[in-house]
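Participant: Take this structure first; my questions come after.
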Amino acid sequence: MRRATLAASRICRTAPVARSAIASRAYATAKPAASEVSSILESRISGSGGAADIQETGRVLTIGDGIARVYGLRNVQADEMVEFSSGVRGMCLNLEADNVGVTVFGSDRLIREGDTVKRTGQIVDVPVGPELLGRVVDALGNPIDGKGPINTKERYRSQLKAPGVLPRHSVNQPMMTGLKPVDAMVPIGRGQRELIIGDRQTGKTAVALDTILNQKRFNDTGDESQKLYCVYVAIGQKRSTVAQLVKTLEENDAMKYTIIVAATASEAAPLQYLAPFSGCAMGEWFRDNGRHALIIYDDLSKQAVAYRQMSLLLRRPPGREAYPGDVFYLHSRLLERAAKLNKDHGGGSLTALPIIETQGGDVSAYIPTNVISITDGQIFLEAELFFKGVRPAINVGLSVSRVGSAAQSKIMKSVSGSLKLYLAQYRDVAAFAQFGSDLDASTRYLLNRGSRLTELLKQGQFQPMPFETMVPILYAGVNGKLDKVPVDKITAWEKSFRDHLKGQESMLKEIGKGKMTRAWFPLSSRSRSRRPSKTMSRALHRHKTRCAIEQCLRCKCLMVLAFAGRNKYALQTFACFALWFTAN
């Protein structure tokens with residue numbers, strides 16, 4: 001009996017416990033005070049544990065096709081950067097119950113099963129600031145142009161939340177592209193999202209590059225409110241194409257105000273997915289600091305393909321055209337970050353020009369319709385026009401700008417008001433004119449005017465036109481001053497006319513300032529003097545304008561009347577059209 005009792009006591013006897021362990025266990029089971037709950041929750045949300053020197057690690061379960069399945073990392077955050085033992089970094093996208101899906105930023109051949117993965121505690125961010133101007137960087141902000149490191153003072157998260165409703169302001173400043181069809185009929189304002197859509201090899205990138213080159217004269221001025229910094233994001237393009245683009249910008253002295261973010265076709269799909277967000281963060285720095293920036297995404301179709309590839313490899317359920325269900329949110333959260341802020345938030349702006357490539361002119365596909373519904377308008381480039389020699393091959397009938405007209409200057413509105421109507425009527429009549437030669441006078445008039453306007457809107461690549469030069473050229477075409485000029489001589493007329501305008505600097509500056517906002521008042525045909533007519537004088541007094549433009553029917557000169565008082569005026573010849581308006 002005594003032996004049984006002794007055996008039972010041996011079985012039930014507990015091991016000795018140190019006092020420190022008992023104290024720590026009691027501390028762990030104790031409930032936190034009410035004042036400590038907020039700090040504990042804040043530390044848990046921010047991802048920082050109680051001990052800063054302890055790094056949470058995991059193990060690679062499987063690796064392949066740029067996707068790693070990692071066991072562990074129980075406290076990792078979505079979109080957090082992790083680092084593999086080989087030095088390659090990745091981003092956590094799928095947070096599942098038993099593993100984490102990580103997209104690899106680099107070659108997955110350097111990663112093996114069983115490798116250690118450690119948290120960095122940082123969401124993916126990129127360097128921002130004016131130090132990036134003139135440089136070529138990858139999707140993570142690392143320089144790839146061989147010009148040394150970039151020493152920036154700030155970093156932004158690549159995927160920031162778009163500004164709310166209250167900080168925004170309506171678009172009211174024009175963003176000049178230097179392209180006659182765009183600035184006249186599809187105007188773009190600072191803070192707008194304007195889609196450039198078309199088939200491959202139709203000039204989409206050329207339109208974007210002309211817009212960048214046109215900002216040189218604004219950036220050369222000392223006025224910071226007029227400057228427009230540019231960010232070009234190359235997604236899935238050839239490296240030779242990016243190199244040629246950099247060369248073009250350097251030759252035109254436009255690289256000094258441009259940042260190029262390149263995720264070429266040889267880069268991993270996660271980098272092509274991340275590049276637009278990184279470029280947007282770099283442009284947002286200028287917007288948040290009261291400056292103006294332009295970002296070009298070339299193109300978002302390849303970003304959607306890269307995101308589809310990642311989602312399918314992560315075993316996410318596919319939807320229409322095998323794209324994931326949140327591909328609309330992918331583009332909407334990116335493009336909504338382009339905005340015009342009010343004065344209370346600095347008054348800066350970020351203008352977005354996304355590019356979408358269509359297949360066979362099908363604008364009703366999934367990605368094109370998504371981006372069209374998100375943006376504030378689209379510039380449609382047609383392959384048929386491109387092959388006919390109409391370049392830029394912009395179909396003004398299908399192109400639209402929903403908010404840019406509010407930012408268009410009044411003088412351009414008065415010039416181009418009927419331009420779109422003439423071209424629309426010309427397209428309708430030209431389709432019927434192919435079936436018969438017996439046309440009435442009105443039809444011949446529309447064909448004559450429309451063919452010359454179409455020829456007048458042609459423009460060479462990398463030759464942006466200043467706004468003050470564009471206005472008188474379009475005025476001549478819209479008001480029938482070129483109806484007697486042969487179609488094949490329109491280009492020669494424009495070239496000689498631009499050369500003549502170079503000597504009219506003072507008048508061009510007045511147009512550039514937008515002061516001449518009234519309609520043109522024609523002089524009476526009986527007027528033999530260069531004095532203004534009574535109709536024009538009364539109109540000047542009634543509208544209280546300081547200057548106006550009128551056409552002298554006798555000498556066919558476009559003149560500027562600088563109104564100085566009730567009975568005082570100064571009449572100056574703006575440009576003589578006699579050499580160009582004649583039938584010769």
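Nothing in this text is a laboratory measurement; each read-out follows from the coordinates by a stated rule. Note that the structure is predicted; figures quoted are calculated from it, not measured. For neighbour counting, all protein chains shown are included, and Cβ atoms are generated from backbone atoms with ideal geometry for every residue, glycine included.
Participant: Have a look at ALA406, VAL390, THR375 and report the one farthest towards the positive end of the charge dipole of segment 374-424, computed about the Cα centre with Cβ charges (Lys/Arg +1, Asp/Glu -1).
Facilitator: ALA406
Participant: Which residues among segment 250-286 fall inside the zone where the amide N is under 20 Å from a point 7 Å beyond the Cα of GLU224, along Cα→Cβ?
Facilitator: 256-259, 282-286
Participant: How much length, in nm to one decimal, is gained on full extension between ILE150 and SER86, taken as 0.36 nm per residue of separation minus their Cα-Cα distance?
Facilitator: Full-extension gain reported as 20.6 nm.
Participant: What is the distance, in nm, between label points placed 7 Å from the Cα along the Cα-to-Cβ direction at SER332 and at LEU61?
Facilitator: That separation, rounded to one decimal, is 3.2 nm.
Participant: For the ranges 397-403, 239-245, what's the packing order if you count other beta-carbon atoms within 10 Å of each residue, average per peptide, and put the highest first?
Facilitator: 397-403, 239-245
Participant: Dipole of segment 56-122, Cα-centred, from +1 at each Lys and Arg C-beta and -1 at each Asp and Glu C-beta, to the nearest 20 debye? The partial results should precede the final answer.
Facilitator: Values: 8 positive and 10 negative charges, 36 e Å.
Roughly 180 debye for segment 56-122.
Participant: Amide H of GLY189: which non-local residues (sequence gap of 5 or more, or other chain) have their own amide H closer than 5 Å, using H built in the peptide plane?
Facilitator: Counting only residues 5 or more places away or on other chains, the set is MET175, GLY404.
Participant: Moving on. Taking 7 Å along the Cα-to-C-beta vector as the label spot, tell me the LEU95-GLN359 distance in nanometres, rounded to one decimal.
Facilitator: Roughly 3.6 nm, to one decimal.
Participant: Same structure again: What residues from segment 178-217 fall in the zone where the backbone N is under 16 Å from a label point 7 Å along the Cα-to-C-beta line of LYS256?
Facilitator: Answer for segment 178-217: 213-217.
Participant: Let me ask something additional. Taking 0.36 nm per residue of separation and subtracting the Cα-Cα distance, what length does fully extending SER451 through HIS500 add?
Facilitator: Difference between extended and current length: 15.2 nm.
Participant: Take SER405 and LEU439, extend 7 Å from each Cα along the Cα→Cβ direction, and tell me the distance between the two endpoints in nm.
Facilitator: About 2.8 nm separates the two model spin labels.
Participant: Quick check on packing: order 175-185, 92-102, 350-360 by the mean number of other C-beta atoms within 10 Å, highest mean leading.
Facilitator: Result, highest mean first: 175-185, 350-360, 92-102.
Participant: Let me ask something additional. Which of the trypsin sites (Lys or Arg not before Pro) across segment 269-327 are loop residues per DSSP, with 12 or fewer other Cβ within 10 Å?
Facilitator: Working: sites: ARG287, ARG291, LYS302, ARG308, ARG315, ARG320; in loops: ARG291, ARG315.
When the trypsin sites (Lys or Arg not before Pro) of segment 269-327 are filtered for loop state and at most 12 Cβ neighbours within 10 Å, ARG315 remain.
Participant: For the peptides 73-80, 122-129, 203-210, 144-151, what is the packing order when you average, over each peptide's residues, the other Cβ atoms within 10 Å and list the highest mean first?
Facilitator: 203-210, 122-129, 73-80, 144-151
Participant: Please find the FRET efficiency linking ARG315 to TYR71, where r is the Cβ-Cβ separation and R0 is fixed at 25 Å, and quote it to the nearest 0.05.
Facilitator: Efficiency for this residue pair is about 0.95.
Participant: So if each residue of separation counts as 0.36 nm, and I subtract the Cα-Cα distance between LYS484 and ALA424, what length gain in nm does that give?
Facilitator: Net length gain for the segment: 19.5 nm.
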